[in-house]
Structures are given as C-alpha cells and as structure tokens.
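Q: Input: one structure, supplied below.
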Amino acid sequence: MKVMVTGGAGFIGSTLVDRLLADGHDVDVVDDLSSGALANLADARSRRPSRCTFHRLDLRSPGLVELIGHRRPEVIMHLGAQMDVRVSVAKPLFDAEVNILGSLNVCQGAVAAGTRKVVFAGSGGTLYGEPETIPVGEGHSQHPLSPYGVSKKAVGDYLHYYREVQGLDATVLALANVYGPRQDPHGEAGVVAIFAGKLLAKERATVFGDGSQTRDFVFVDDVVDAFVKAIDAGGGLTCNIGTGIETSVQTLFDTMARLAGFPEPPRYAPARTGELARNALDPGRAATHLGWRPQVDMETGLARTLAWFRDRRAAGR
C-alpha cells in the first residue's frame, strides 16, 4: 500500500516510517526539516531506497496538493505541525497557518487524489483544557487553553466535515506525552529528552514548580502501533492514545536519575504560567475500536530512551 507521512522526518514520524516500511508499505515522506532531520530517515532510505521517497515541502505550500495528487497515497498519516505550545502563544497566526491551513492542504490533496483515509496526530495533552476528571475520556468537553490546542481541535473538526461531506475517512489520535529515541527537547513531552541530556552529561536538570504536576507518558513504539492499527479501524473517531496513568514530573526525574546513575536532586524554578496541574488520558476507546493497548511500561521505555541518547552522545552527535 502507498502511504504518505507528513512530518515524517520528525521524532514520531520517522519511527512510523520505519514501521510502515517494515510492514511492506511504500512510503512518501513530506517534511520541511524545520524541526525534523534527514538523519532520522538515514537507515530507512539506505535499506529501502526504492520504497521510501522524501519530499522537502512546507505544509502551507500549494505544491503539497499537487504532490498528493501526483503520488496518490491510499492513506495519509498527518503528523506534520507547528508543535510548540509556547510558539503558538507568541505567534498564533503562524501556528494557525501551519496547523490549520497546512492541514486543509492535506485534506484538499487527499480528496483530489482519491485517498481513502487520513490518520491525524491530535493532541490529548491540550485538546481537553483543564481536566475535570482523570483519566480524561473522549467525551470530556474540549476547551483548549492554547492556540496550539485550538488549532489541533480545529483540524479534527475539519476532518469531521471532510468525512461526512467529502467522503474522506479519518481518525484522530489524541496523543498523550510521547517520548522515546529520536526525541528532541521541543514539544509537549520534551522534558524526557531534556532530562536525558542533562543526566547523561552529569548536570542537574531543572524542574519547573514543585514537580507534583502530572502527565501521561506513552512510548513512541506504542504510538506508532496505534497509527498502524488506525489504517483500517476507528473511522470517524477521536481515540486517546495514552496509558491512563498519571506520572509526576518529580517521579519522572527520580526514575531517570536512578537509571542514569545520577545521585543529585534537580534544581527547582518557578512553575510555568498556564501549565496544567494534572493530565492523563483514558485509552479505553482505542482498546475497543483499534484493538490498541500500550505495551511498554515506563521503566522499560525510559531505559531504552536513555540508551539511545547515551549511544548518540558516545558517537559525538
């Protein structure tokens, strides 16, 4: 099957590309390399050069519609985005241009190409706003508190329109805080990458606030598995992709420090304005409709992540 992955040179996207190629699909990767890196695709392109084609292109470019029409993917995995909440607050117009208008280019191209389905990387960390219940289910009210969250919600609404009126099937995967190898320090779950870099350099990391704020950390391989399962399931649905488990930032640091052999406590700084106090996603709908459940526990996932960062550091990268 022909699959297109937007944002395919990024942390999650490149891991998804690896999985799709391993499963026997032909993959078109679209990325403008503003945050992704060709190095993330090096193995995929060297091992399967005829089945992995890279296109450097901005989501906002009219050329994206033309590219989709030319390549005619059966499924588009749409992960390309402006992903920094702080950037969205400082530059809401830029955030909307990339995340909303860019996504409309994807949808228009998909309709013109006869694409069967779009699987969209939504944001479970921002979609629901301040949670009223934990873990948060998909029926929770959607009142995002950042332009980034608003733009992700808007794309989900547009996908509903395209499915009902234009016949383009879609599934929204509302992702929790994704972590793992290839992660960079930016985005919603960048804290894992930041801690890894500091701990392996034997430096004290900074915790904002008192460390009691909680998040739902889900390993990247599990997230990729959800995208693959959504190829043929979950049409018309928003599905939370998380563990349902709250983990405090302090617990995250303590676990990573133990695994890295770093004995000192973190530094503490004032809490960031507008940061949610608690969050975790109920993954029950994904279990029912996608047959998906997280498989990698946090201890194992963090150990694998630290090992990747350690190897990268040893190689001088």
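Q: So in segment 146-304, what percent of DSSP beta bridges are antiparallel if you round to the nearest 5?
A: In segment 146-304, approximately 15 percent of DSSP beta bridges are antiparallel ones.
Q: Sticking with this structure for a sec: So what are the ³J(HN,Hα) numbers for segment 127-134, from phi and the Karplus equation (6.51, -1.76, 1.60; θ = phi - 60°), rounded to whole Hz, Gly and Pro as x?
A: 4, 8, x, 6, x, 8, 9, 10
Q: Could you compute the FRET efficiency for A269 and L38, with r as their C-beta to C-beta distance and R0 at 45 Å, rounded to 0.05?
A: That gives a FRET efficiency of 0.85.
Q: Give the whole-number value, in cubic angstrom per residue, of the convex hull volume spanned by the C-alpha atoms of segment 1-66.
A: 73
Q: Considering only lysines 8 or more places apart in sequence, or on different chains, count the pairs in the chain whose C-alpha atoms sit under 25 Å apart.
A: Taking the chain as the scope, the lysine pair count is 9.
Q: Just how many % of Cα pairs in segment 1-127 lie over 22 Å apart, if you round to the nearest whole percent?
A: Tail of P(r) above 22 Å: 31 percent of Cα pairs.
Q: On to the next question. What FRET efficiency comes out for D297 versus F208 if R0 is 41 angstrom and r is the Cβ-Cβ distance? Round to the nearest 0.05.
A: 0.95
Q: In debye, nearest 20, what is the charge dipole magnitude of the chain about its Cα centre with +1 on Lys and Arg Cβ and -1 on Asp and Glu Cβ, if you could check?
A: About 820 debye.
Q: Under 1.5 on a/c is rounded, so check that first for segment 59-163, then, if it is not, pick prolate when a/b is larger than b/c and oblate when it is not; a ≥ b ≥ c are the square roots of the alpha carbon gyration tensor eigenvalues.
A: Oblate is the answer for segment 59-163, as a/c is 1.5 or above yet b/c matches or exceeds a/b.
Q: Given the C-alpha atoms of segment 206-313, compute the convex hull and give its volume per residue in Å³.
A: It comes to 120 Å³ per residue, whole-number rounded.
Q: For P(r) over Cα pairs in 20 Å bins from 0, in percent, one of (i) 22, 31, 20, 21, 7, 0; (ii) 30, 55, 14, 0; (iii) 34, 59, 7 was computed from the structure I shared and the rest are decoys. Which label?
A: (iii)
Q: Oh, and also: When the chain is treated as a GNM, springs tying every alpha-carbon pair under 10 Å, which of V228, V119, V218 comes out with the largest mean-square fluctuation?
A: Its mean-square fluctuation being the largest, the pick is V228.
Q: Next question, about the same structure. Based on DSSP, what percent of beta bridges with both residues in the chain are antiparallel, to the nearest 5?
A: Within the chain, antiparallel bridges account for around 5 percent of the total.
Rule-based calculations on the coordinates, nothing more; no lab input. Everything numeric here is computed off the predicted structure, so don't read it as measured data. So basically every Cβ, Gly included, is an ideal-geometry build from the backbone, and we count neighbours across all protein chains shown.
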